[in-house]
Amino acid sequence: MIEVIPAIDIIEGRCVRLSQGDYDSKKEYGAPVDMARRFADSGARRIHLVDLDGAKASSPANLKVLEAVASLGCMKIEWGGGIKTASALNDVLNAGADYAIVGSIAALQPELFAEWLQDLGADRIVLGADVRGTRVAVNGWKEDSPLELREMLDRFMPDGLKQVVCTDISRDGMLCGPATGMYVELQAAYPSVDFTVSGGIGSNADMASLDALGLRKVIVGKAFYEGRISLKELESWWQNE
């Protein structure tokens, strides 16, 4: 059974959603801790929090939100956005994150990311592979790195890489369906890695299709906030996990 992970993106302490990472497309959906509580009460076991201010500023900016969600004490928290130094990484983990998602540093300073994988363990350090086409994007998706996705994956396999959140930027927030073929190929090529599908989920049927193909994790965000997927449908997934 695929693990369904609800997403909360944060700007200035509020729950928001963007389309393709465009900050001008922002829609607000209330307080993150209230949304997290709804997910937890419905059975979610893991939640995906993204500090969009932190991604833009290259340093975590919404740690108080992380602390508030962690205080609920009932879900594992994966946190991404602005983790570019050891100090920032420690701040995120100390504020209550169970998993730290790191993207730009992995692409631009691979030795440092490898060190974090080895020192803190691949059970806590998650590679955030945000792709535009086949290239990895960095710095809040504002720039493309010269790296191809598989080149980056291959770089960290010897360091014990276990978890990858892979976002197809072109589909993020577009509700058009995920890049299913890409994820099936990645999971087959790297069977020891848990890939999380991110970007494009538009319906419960999209998640059912991914589950039928044997994919392991999927993030759902805008489809829930826009009413395309109901809380009751999410609850049915969590009851069966």
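The values are calculated or read from the model by the stated rules, or taken from the named source; none is laboratory data. Given the structure is predicted, the values throughout are model-derived calculations rather than measurements. Cβ atoms come from the backbone with ideal geometry, glycine included; neighbour counts cover every protein chain shown. Note: accessible area is taken over every heavy atom of the protein model, side chains too, but ligands, DNA and RNA are not part of it. Shrake-Rupley method; radii C 1.70, N 1.55, O 1.52, S 1.80 Å.
Mind giving me the FRET efficiency for residue 64 and residue 230? R0 is 35 Å, r the Cβ-Cβ distance, nearest 0.05 is fine.
Values: r = 30 Å, r/R0 = 0.85.
Here the calculated transfer efficiency is 0.70.
Keeping to pairs on different chains or 8 or more places apart, tell me how many lysine pairs in the range 102-241 have Cα atoms under 25 Å apart.
Details: 142/222; 162/217; 217/232; 222/232.
Step by step, the pairs that qualify in the range 102-241 add up to 4.
Keeping every protein chain present and rolling a 1.4 Å probe, give me the accessible area per residue for the chain in Å². Write down the numbers at each step before the final one.
On the way: 9840 Å² over 241 residues.
The answer is 41 Å² per residue.
Using Cα-Cα distances under 8 Å and only pairs 6 or more residues apart, what relative contact order does the range 89-210 have, in percent? Each step should come with its number before you reach the end.
Values: 193 pairs, mean separation 25.5, N = 122.
Relative contact order of the range 89-210: 21 percent.
Residue 62: net charge of surrounding residues, Cβ under 9 Å, Lys/Arg +1, Asp/Glu -1, itself excluded? Intermediate results must be reported in sequence, preceding the final value.
Details: positive: 64; negative: 12, 51, 53.
Taking every other residue near residue 62 into account, the sum is -2.
Please give the net charge around residue 220, taking every other residue with its beta carbon less than 10 angstrom from that of residue 220, where Lys and Arg add +1 and Asp and Glu add -1. Mind dumping the intermediate values first?
Details: positive: 222, 228; negative: 206, 233.
That works out to 0.
With a 1.4 Å probe and every protein chain kept in, tell me what percent of the accessible surface of the chain is carbon plus sulfur. Display every interim value, and only then the final one.
Numbers: 4540 of 9840 Å².
Result for the chain: 46 percent of the exposed heavy-atom area is carbon or sulfur.
Around residue 231, with a cut-off of 11 angstrom between Cβ atoms, what is the net charge of the other residues, counting Lys and Arg +1 and Asp and Glu -1? Before the final figure, lay out the partial values.
Working: positive: 38, 232; negative: 41, 233, 235.
Here the count lands on -1.
When the Kirkwood hydrodynamic radius is evaluated over all pairs of different C-alpha atoms of the chain, what value in angstrom, to one decimal, is obtained? Show your work: numbers first, answer last.
Numbers: mean 1/r = 0.0570 Å⁻¹.
Roughly 17.5 Å, rounded to one decimal.
Taking 0.36 nm per residue of separation and subtracting the Cα-Cα distance, what length does fully extending residue 109 through residue 154 add?
Numbers: separation 45, 0.36 × 45 = 16.20 nm, distance 1.49 nm.
Roughly 14.7 nm would be gained on extension.
Mean residue ellipticity at 222 nm from the helices of the chain, using -39,500 (n - 2.57) per DSSP H segment of n ≥ 4 over the full residue count, to the nearest 500 deg cm²/dmol? Spell out each step's value before the answer.
Values: 11 runs with 90 residues, N = 241.
Mean residue ellipticity at 222 nm (helix-derived): -10000 deg cm²/dmol.
So who's got an amide H within less than 5 Å of the one on residue 145, skipping anything under 5 residues away but keeping other chains? H placed 1.01 Å off N, in plane.
The list, which skips near neighbours in sequence, is 136, 137, 138.
For residue 46, what residues show an amide H to amide H distance below 5 Å, using hydrogens built from the backbone and excluding near sequence neighbours?
Excluding prolines and chain starts, which carry no amide H, the hits are 76.
Taking the alpha-carbon distance from residue 64 and a cut-off under 22 Å, which lysines remain once sequence neighbours fewer than 8 residues away in the same chain are dropped?
Answer for residue 64, where 22 Å is the Cα cut-off: 26, 27, 56, 76, 84, listed by chain and number.
Run the quick spin-label model on residue 72 and residue 38: label points 7 Å from Cα toward the beta carbon, then report their separation in nm to one decimal.
Distance between the two pseudo-spin positions: 1.1 nm.
By average Cβ neighbour count within 10 Å, what is the ranking of 187-193, 164-170 from highest down? The partial results should precede the final answer.
Details: 187-193: 13.0, 164-170: 21.6.
Ranking the peptides 187-193, 164-170 by packing returns 164-170, 187-193.
Once phi is turned into ³J(HN,Hα) by the Karplus curve 6.51 cos²θ - 1.76 cosθ + 1.60 with θ = phi - 60°, what whole-Hz value does each residue of the range 210-223 show in order, with x for glycine and proline?
Whole-Hz 3J(HN,Hα) from phi for the range 210-223: 5, 4, 4, 8, x, 6, 9, 9, 8, 9, 10, x, 4, 4.
In nm, to one decimal, how far is the modelled label at residue 45 from the one at residue 98, with both set 7 Å along Cα→Cβ?
0.8
Once amide H atoms are built 1.01 Å from N in the peptide plane, which residues 5 or more positions from residue 20, or in another chain, come under 5 Å H to H?
Amide H neighbours of residue 20: 172, 173, 174.
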